[in-house]
Each structure stands twice: as C-alpha cells, then as structure tokens.
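Inspection log for the structure reproduced underneath, given as structure tokens.
The values are calculated or read from the model by the stated rules, or taken from the named source; none is laboratory data. In this text, all values refer to a predicted model and were calculated from it rather than measured experimentally. Glycine gets a Cβ as well: all are built from the backbone with ideal geometry, and neighbour counts include every protein chain shown.
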Ligand code: SAM
Ligand code: SF4
C-alpha cells in the first residue's frame with residue numbers, strides 16, 4: 001500500500017470495536033499497565049479501553065493517565081489565546097455560526113490595524129502565544145490576508161512586549177500556499193477533520209470547498225510536504241460515535257508517522273457547543289458525556305503519550321479542572337470567538353462562532369490553575385530554537401524535553417506574575433512556584449532558578 005494516501009478502513013474499525021466489546025478484567029489491566037510504560041498503545045488496545053465503562057476500570061485508566069501526564073509533562077500547562085480575525089465563510093458546516101447561510105450574526109473581517117489592536121489587548125493581558133482562526137473566505141487580498149495578519153501579529157507591540165508564537169487554524173491550502181505559511185514563521189498548523197466518518201461528514205458539510213472530505217483529510221499531508229513540521233489534528237466530538245473517531249484518528253496518526261517519520265504535535269478535543277443559527281450544535285447527534293470526554297483524554301494520553309492535548313474554553317471551568325490531570329498539556333484562556341472581541345469586548349452573541357463554557361479572564365484562569373498545583377507556561381522555546389517535528393519527538397521520547405520545558409515554564413510564569421498579574425494571583429503564583437520548584441530534580445531546578453533570576457533582574461524572554 002502506498003504511504004501517500006490515508007486509508008480510513010471502516011470495516012477494520014467496526015471489527016476492532018466489536019472484537020473488544022466485552023474485555024476481560026485481565027485484558028484491561030494488562031493494557032493499562034502497558035500504557036504506563038510510556039510506549040503508547042496499539043489500535044486494538046485502544047478499542048478495548050474505549051469499551052471500558054465500569055467505575056473501577058475507569059478509575060484505573062484515569063490513574064494511569066495521570067501518571068503518564070505527570071511523568072512526561074510534570075505540572076506545566078501551556079496557555080494560549082485564540083484570535084478570530086474574520087468570520088466570513090463560504091462553507092455551510094451545519095454546526096457553525098459562521099456558515100454562509102446563517103443570517104443571524106454580524107459579518108466582519110478585521111483590518112490589519114484592527115488585528116493590531118486585538119493583539120495589543122492580548123499582550124496587555126499577558127499573552128505570548130496566539131492561535132489565529134478564520135472562516136474560509138478572505139477579503140479581496142485572498143490568502144495573502146492571512147499572511148499579512150500573521151505579520152501584523154508578530155510586529156504588534158504593547159509596552160515592549162510581543163507575541164512569540166503564532167499557531168494557525170485556517171482552511172486547507174495547496175502545497176504552495178502551505179509553503180508561504182511556513183515562511184511566515186508559524187508555529188503549529190492546526191486542522192480538525194471534524195468527523196472521520198465519511199457519511200456523517202457529507203451530511204454536515206453541505207456546501208463549499210469543505211464539502212470535499214478527501215481534500216480535507218489530505219491537508220495535513222500537504223502541510224507537512226510543504227515543510228510545516230508541527231501540525232495539529234482534532235475531531236469535533238458530538239457528530240459521530242466517539243469510539244469510531246478515536247480509532248480513525250489513530251489511523252491518521254499512523255499514516256503521518258509512516259509517511260513523514262513523525263505524527264502530529266497536538267491533538268485538539270473540541271466538543272460541539274451551542275452556536276447561533278445551528279440546530280445540530282444545540283442538539284448534537286452523538287453527544288459525548290463529561291465522563292466519556294474525560295475517558296477520551298485519558299485514552300489519548302496513554303495511546304500517544306508525547307503528543308500534546310489541547311482543551312479550549314468550550315469546556316466549563318469545572319470540566320477543565322477535572323480534566324487537566326488526565327493528560328491535557330495546553331489550554332486557551334480568556335477567549336473570545338468574535339472578530340474584534342478583545343479590543344471591544346463585544347457581547348459574544350454578535351458574531352461569535354460558538355458559546356464559551358469558560359468565561360473567566362486570563363488572570364482568573366491562571367490563579368485557578370496555579371492553585372491546583374500547575375505551572376502555567378507561556379513558553380515558546382522549542383519552536384524558536386528549532387526543536388520542532390522529528391527533533392522535538394526525539395527529545396520528548398526519552399523524557400529529556402522536561403529539562404527545557406520546566407525551566408521555561410517557571411521563567412515565563414514568573415514574567416507573567418511580575419508584569420501582568422493582579423495582586424492575589426501574584427502572591428499565590430509566587431507561592432506555587434516555590435512549592436513546585438521543590439519537586440524538581442536537581443538539574444532542571446538549577447536551570448529554572450538561573451532563568452528566574454534573570455527575569456527578576458529585569459530580563460525578558462529568557463528560555464533554554
Ligand atoms: N474555518 C476553518 C475550518 O473550518 O477548518 C478554520 C477555523 S474553524 C472557525 C475552527 C474550528 O471550530 C472548526 O474546525 C470546528 O471544529 C470548530 N467549531 C465549529 N463550530 C463549532 C461549535 N458549534 N462548537 C464547537 N466547535 C466548533
Ligand atoms: Fe466556516 Fe470553519 Fe465554520 Fe465551517 S467550521 S462554517 S469552514 S468557519
């Protein structure tokens with residue numbers, strides 16, 4: 001079979017699910033033990049875990065996921081903010097408020113000065129990492145609009161601070177366009193397949209370029225062919241059976257590993273949220289319960305231990321708190337899904353893509369995350385030192401990445417506390433730095449203390 005094309009074999013997935021329908025006690029224990037070795041799981045193993053429902057088995061699974069997360073990622077949690085630059089869209093995705101036929105929202109593509117104002121507002125809050133998001137229809141400049149926006153974001157300044165990493169979530173591109181995106185120095189290119197289930201896909205993408213399932217499925221290949229080394233994938237949970245989606249996503253990952261030698265840098269796990277003008281978003285055909293959502297995160301943590309997992313503000317503060325420990329490595333905070341929503345702080349309903357579950361400010365999220373014992377990280381070190389794609393995975397696999405991530409998390413958290421935090425957050429954050437520092441091994445601790453001393457002396461953007 002050629003490595004150039006992806007095959008999502010529905011028959012094989014259905015058989016894997018059916019064969020794993022009634023796993024034995026010992027089978028489950030064996031697979032969970034295998035997950036704890038940090039070597040990942042096969043698709044057959046994952047099919048078994050997807051069929052685990054008994055509370056005692058779920059708690060064993062969650063316990064193992066906590067162990068893997070803690071061992072590989074320690075207490076760090078990377079923080080980013082989405083930046084919606086435009087809600088113009090030519091597609092008709094039945095679940096999204098930006099769909100072309102939806103007349104209930106105000107349409108807007110931000111101008112470059114407006115994008116700059118948004119970025120300045122995010123910088124004033126303390127953000128360093130942005131995820132650029134747009135609908136699939138650009139103003140008259142076409143795709144150049146997105147490239148200009150990336151340039152504007154990197155160039156924007158507020159009190160000397162700047163955005164250090166721009167990740168991008170825009171519609172699939174040609175190889176040539178992806179090359180331009182790579183040259184614009186983006187971090188990760190993210191694209192969610194939404195659903196890997198072809199018939200479901202057809203029924204919810206009824207107009208525009210996005211109706212082409214294969215063009216979307218092959219987009220990550222084009223991005224990697226064009227030289228984008230960090231890619232992110234995801235499923236929009238609620239459209240189809242989550243067990244099918246996870247197994248199909250693992251087939252996608254395996255394909256990328258076989259073809260490019262490295263899988264995705266991140267996996268996103270959005271669940272359908274209510275969206276203005278969308279019936280299906282309010283009543284998902286295959287809703288994923290909170291418990292199943294946690295199960296999904298835990299299984300992914302064991303299956304692909306070195307791939308980052310991203311959880312957005314679609315989820316409530318409560319669910320986010322409960323799920324961090326199971327394997328999430330990145331979260332958004334203080335988000336708006338309306339173009340212009342930061343500078344104007346406009347009510348969400350006006351042009352938002354979907355309803356948020358977590359409405360708290362960045363400062364509140366940081367305080368909460370720190371009180372749970374995590375170190376919020378604004379680190380952008382890997383990408384700026386060229387530790388991307390295969391190089392990142394080579395470092396990550398033996399666990400060496402911790403020696404970089406931990407110190408960079410401490411230094412960027414301290415920057416946040418000194419430059420942006422409210423008084424209570426600063427005080428609590430400084431205490432949690434002391435506590436967490438004490439748990440580090442001597443070498444990363446020494447490096448962390450060195451970097452933090454530089455920050456205390458007034459240096460900014462120090463990383464290793
Ligand atoms: N327009 C591009 C596309 O569709 O790939 C990129 C940006 S789109 C705004 C980002 C993601 O938002 C989509 O991939 C989809 O998964 C998610 N999304 C759309 N409607 C949603 C909803 N009602 N609830 C949660 N996520 C949603
Ligand atoms: Fe457009 Fe993306 Fe929304 Fe679909 S999900 S309507 S492509 S913005």
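Below are the figures for this structure:
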| item | result |
| --- | --- |
| Yes/no for residue 425 being within 24 Å of the chain's Cα centre (by Cα), closer than 27 Å to residue 314 by Cβ and in contact (Cβ under 8 Å) with a residue 24 or more places away in the chain | no |
| Qualifying residues in region 241-276 (those that are within 13 Å of ligand 1 (Cβ to nearest atom) and in contact with a helix residue (DSSP H, G or I) (Cβ under 8 Å, 6 or more places away or on another chain)) - the one farthest from residue 297 (Cα to Cα) | 276 |
| Some residue of region 79-98 being under 21 Å from the mean Cα position of the chain (by Cα) and either more than 16 Å from ligand 1 (Cβ to nearest atom) or surrounded by fewer than 20 Cβ atoms within 10 Å (Cβ to Cβ) (or both) | yes |
| Those residues of region 16-32 which are assigned to a helix (DSSP H, G or I) and farther than 13 Å from residue 57 by Cβ, in sequence order | 16, 17, 18, 19 |
| Total residues in region 364-397, condition within 21 Å of residue 127 (Cβ to Cβ) and crowded, with 19+ Cβ neighbours inside 10 Å | 16 |
| Pick from region 369-387, criterion modelled with pLDDT of 85 or more and part of a helix (DSSP H, G or I), ranking: nearest to residue 188 (Cα to Cα) | 369 |
| Filter result (buried (at least 17 other Cβ atoms within 10 Å of the Cβ) and over 21 Å from residue 252 (Cα atoms)) within region 1-35 | 23, 28, 31, 32 |
| Test: residue in region 152-160 that is within 16 Å of ligand 2 (Cβ to nearest atom), buried (at least 17 other Cβ atoms within 10 Å of the Cβ) and on the phi < 0 side of the Ramachandran plot | no |
| Leading residue by the ranking (surrounded by the fewest Cβ atoms within 10 Å (Cβ to Cβ)) among those in region 165-174 that are within 25 Å of residue 99 (Cβ to Cβ) and in contact with a helix residue (DSSP H, G or I) (Cβ under 8 Å, 6 or more places away or on another chain) | 174 |
| Failed condition for residue 181, given (1) more than 21 Å from residue 333 (Cα to Cα); (2) surrounded by fewer than 21 Cβ atoms within 10 Å (Cβ to Cβ) | (2) |
| Filter result (crowded, with 18+ Cβ neighbours inside 10 Å and more than 15 Å from residue 451 (Cα to Cα)) within region 416-425 | 420, 421, 425 |
| Condition broken by residue 220, with the remaining ones in (1) in contact with a strand residue (DSSP E or B) (Cβ under 7 Å, 6 or more places away or on another chain); (2) under 23 Å from residue 330 (Cβ atoms); (3) within 13 Å of ligand 2 (Cβ to nearest atom) satisfied | (3) |
| Some residue of region 292-314 being touching a strand residue (DSSP E or B) at 6+ places or on another chain (Cβ under 8 Å), within 16 Å of ligand 2 (Cβ to nearest atom) and in contact (Cβ under 8 Å) with a residue 40 or more places away in the chain | yes |
| Selection count where residues are out of contact with any strand residue (DSSP E or B) (no Cβ under 6 Å at 6 or more places or on another chain) and more than 6 Å from ligand 2 (Cβ to nearest atom), scope region 83-102 | 9 |
| Output for region 388-424, where each listed residue is at pLDDT 95 or above and out of contact with any helix residue (DSSP H, G or I) (no Cβ under 9 Å at 6 or more places or on another chain) | 419, 423 |
| Residues of region 440-460 satisfying the condition of being buried (at least 19 other Cβ atoms within 10 Å of the Cβ) and part of a loop (DSSP other than H, G, I, E, B) | 440 |
| Selection status of residue 154, without any contact (Cβ under 8 Å) to a residue 60 or more places away in the chain, within 12 Å of ligand 1 (Cβ to nearest atom) and either in the same structural domain as residue 83 (by TED's automatic domain parsing) or touching a strand residue (DSSP E or B) at 6+ places or on another chain (Cβ under 6 Å) (or both) | no |
| Listing of helices (runs of 4 or more DSSP H) fully contained in region 263-328 that carry 2 or more residues being buried (at least 21 other Cβ atoms within 10 Å of the Cβ), at pLDDT below 95 and under 17 Å from the mean Cα position of the chain (by Cα) | 317-324 |
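One line per residue, one yes/no per condition, for (1) over 20 Å from residue 339 (Cα atoms); (2) out of contact with any helix residue (DSSP H, G or I) (no Cβ under 8 Å at 6 or more places or on another chain); (3) within 12 Å of ligand 2 (Cβ to nearest atom); (4) at pLDDT 95 or above:
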{"residue": "124", "(1), (2), (3), (4)": "no, yes, no, yes"}
{"residue": "128", "(1), (2), (3), (4)": "no, no, no, yes"}
{"residue": "141", "(1), (2), (3), (4)": "no, no, no, no"}
{"residue": "163", "(1), (2), (3), (4)": "no, no, no, yes"}
{"residue": "227", "(1), (2), (3), (4)": "yes, no, no, yes"}
